[in-house]
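Asker: Structure below; questions to follow.
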Amino acid sequence: MKYRLPRLAAFALATVLSLAHASAQNAPAIAAASDLKFALDAVAAQFKSDTGKDLKVTYGSSGNFARQLEQDAPFEMFLSADEGFVFKLADSGKTLDRGALYAEGRIVLFAPTGSSLKPDADFSDLKAALADGRIQKFAIANPEHAPYGVAAQQALESKGLWDTVKPKMVLGENVSQAAQFATSGSAQGGIFAYSLALSPEVSKLGTYTLVPAAWHKPLRQRMVLMKNAGDTVKPFYEYMQSPPARAVLRKFGFGLPGEVS
């Protein structure tokens, strides 16, 4: 009978793995703005530790997600970098309500290690670098559908630099891709989310300065449950408004409801 123990152990292991796979497969699908990548991964890990429940988070541009959700994409929750997209979905009857503000974002001017660009609070070296040819490529998210791209454009316009930098622009599909372009050395600099710049993975790749909030419209980030929201994602929606989740968001540079100016 000794031969049966390994077989039973193997069967038990296979069952555990099968159940884990099924749990991951059945995890609710969440669409999240890509500026949340590091912060939301941390919050989701805390949520799983506290509840044992898995989540499946997909990151991308808020505008693209909003268009997909208009066409009934099977996401149960949407965390947008621009509350306007949430309001449009609510007005078209796609959501349970008008959602909740969960954060306000900021942007940074970033220069990768080895770049001759020196990030400063008034963009003076960026202006000089554009004039003397040091800037060949400059990365931002696409303003056509990425809220952080819109904020970057507004900041550059506020300093009279948009028309000069536009021919050198490298556009990311979302702010996370813009950060990849700006940090990889393929561009001399870029503007992207403060939350990404604060992550250990990104901060070690260059230097940055926080862009004054007055140079762009507020990045009011709102989340909402879709009409198909299930029993797992609803507690996570509440969890996002809890002290542990708010502490993670604060760590990644987000302003919080009741604390933002």
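Asker: Return yes or no: is Lys88 in the same structural domain as Tyr208 (by TED's automatic domain parsing), at pLDDT 95 or above and either assigned to a loop (DSSP other than H, G, I, E, B) or farther than 23 Å from Arg246 by Cβ (or both)?
Answerer: no
Asker: Being at pLDDT 95 or above, part of a helix (DSSP H, G or I) and not basic (Lys, Arg) is true for just one of Ala129, Ala111. Which residue is that?
Answerer: It is Ala129.
Asker: Is it fair to say Glu201 is closer than 28 Å to Gln68 by Cβ, surrounded by fewer than 16 Cβ atoms within 10 Å (Cβ to Cβ), out of contact with any strand residue (DSSP E or B) (no Cβ under 9 Å at 6 or more places or on another chain) and not assigned by TED's automatic domain parsing to the domain that holds Phe65?
Answerer: Criteria met by Glu201.
Asker: Quick test of your reading of the structure: Ala103 fulfils all but one of (1) among the aliphatic types (A, V, I, L, M); (2) modelled with pLDDT of 95 or more; (3) touching a Ser or Thr at 6+ places or on another chain (Cβ under 8 Å). Name the failing condition by number.
Answerer: Here Ala103 clears every test but (3).
Asker: Taking the criterion of being in contact with a helix residue (DSSP H, G or I) (Cβ under 7 Å, 6 or more places away or on another chain) and among the hydroxyl-bearing types (Ser, Thr, Tyr), would at least one residue in the stretch 89-97 satisfy it?
Answerer: Within the stretch 89-97 (the criterion being in contact with a helix residue (DSSP H, G or I) (Cβ under 7 Å, 6 or more places away or on another chain) and among the hydroxyl-bearing types (Ser, Thr, Tyr)), the answer is yes, since at least one residue qualifies.
Asker: For the stretch 156-182, how many residues are within 19 Å of Ala131 (Cα to Cα) and aromatic (Phe, Trp, Tyr)?
Answerer: Selection size over the stretch 156-182: 1.
So that you can scan it fast, the table gives a plain yes or no per residue for (1) within 19 Å of Ser195 (Cβ to Cβ); (2) outside the structural domain of Asp72 (by TED's automatic domain parsing):
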{"position": "Val224", "(1), (2)": "no, no"}
{"position": "Asn228", "(1), (2)": "no, no"}
{"position": "Asp231", "(1), (2)": "no, no"}
{"position": "Lys234", "(1), (2)": "no, no"}
{"position": "Glu238", "(1), (2)": "no, no"}
{"position": "Gln241", "(1), (2)": "yes, no"}
{"position": "Arg246", "(1), (2)": "yes, no"}
{"position": "Pro257", "(1), (2)": "yes, yes"}
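Asker: A further question follows. Could you go through the stretch 15-28 and let me know if any residue there is modelled with pLDDT of 50 or more and in contact with a helix residue (DSSP H, G or I) (Cβ under 8 Å, 6 or more places away or on another chain).
Answerer: Looking for residues that are modelled with pLDDT of 50 or more and in contact with a helix residue (DSSP H, G or I) (Cβ under 8 Å, 6 or more places away or on another chain), one finds at least one in the stretch 15-28, hence yes.
Asker: Given the structure, is Phe110 outside the structural domain of Met223 (by TED's automatic domain parsing), touching a Lys or Arg at 6+ places or on another chain (Cβ under 7 Å) and crowded, with 24+ Cβ neighbours inside 10 Å?
Answerer: Considered against the rule, which asks whether it is outside the structural domain of Met223 (by TED's automatic domain parsing), touching a Lys or Arg at 6+ places or on another chain (Cβ under 7 Å) and crowded, with 24+ Cβ neighbours inside 10 Å, Phe110 comes out as no.
Asker: Mind checking which pairs have a first residue in the stretch 88-102 that is free of Cβ contacts under 8 Å to residues at least 40 places away in the same chain and at negative phi and a second that is surrounded by 16 or more Cβ atoms within 10 Å (Cβ to Cβ) and assigned to a helix (DSSP H, G or I), Cβ under 8 Å, 6 or more apart or different chains?
Answerer: Matching pairs, first to second residue: Lys88/Ala66.
Asker: Let me ask something additional. Restricting to the stretch 33-68, name every residue that is of a type in the set (A, V, I, L, M, F, W, C) and in contact with a strand residue (DSSP E or B) (Cβ under 9 Å, 6 or more places away or on another chain).
Answerer: Ala33, Leu36, Ala39, Leu40, Ala44, Leu55, Val57, Phe65, Ala66
Asker: Check Ser61, Ser115 and return the single one that is hydroxyl-bearing (Ser, Thr, Tyr) and either surrounded by fewer than 23 Cβ atoms within 10 Å (Cβ to Cβ) or out of contact with any His (no Cβ under 8 Å at 6 or more places or on another chain) (or both).
Answerer: Ser115
Asker: Which of the residues spanning the stretch 118-162 are under 17 Å from the mean Cα position of the chain (by Cα) and surrounded by fewer than 24 Cβ atoms within 10 Å (Cβ to Cβ)?
Answerer: Answer for the stretch 118-162, where residues must be under 17 Å from the mean Cα position of the chain (by Cα) and surrounded by fewer than 24 Cβ atoms within 10 Å (Cβ to Cβ): Asn142, Pro143, Glu144, His145, Val150.
The values are calculated or read from the model by the stated rules, or taken from the named source; none is laboratory data. It should be emphasised that the depicted structure is a prediction, and the values quoted were computed from it without experimental measurement. So basically every Cβ, Gly included, is an ideal-geometry build from the backbone, and we count neighbours across all protein chains shown.
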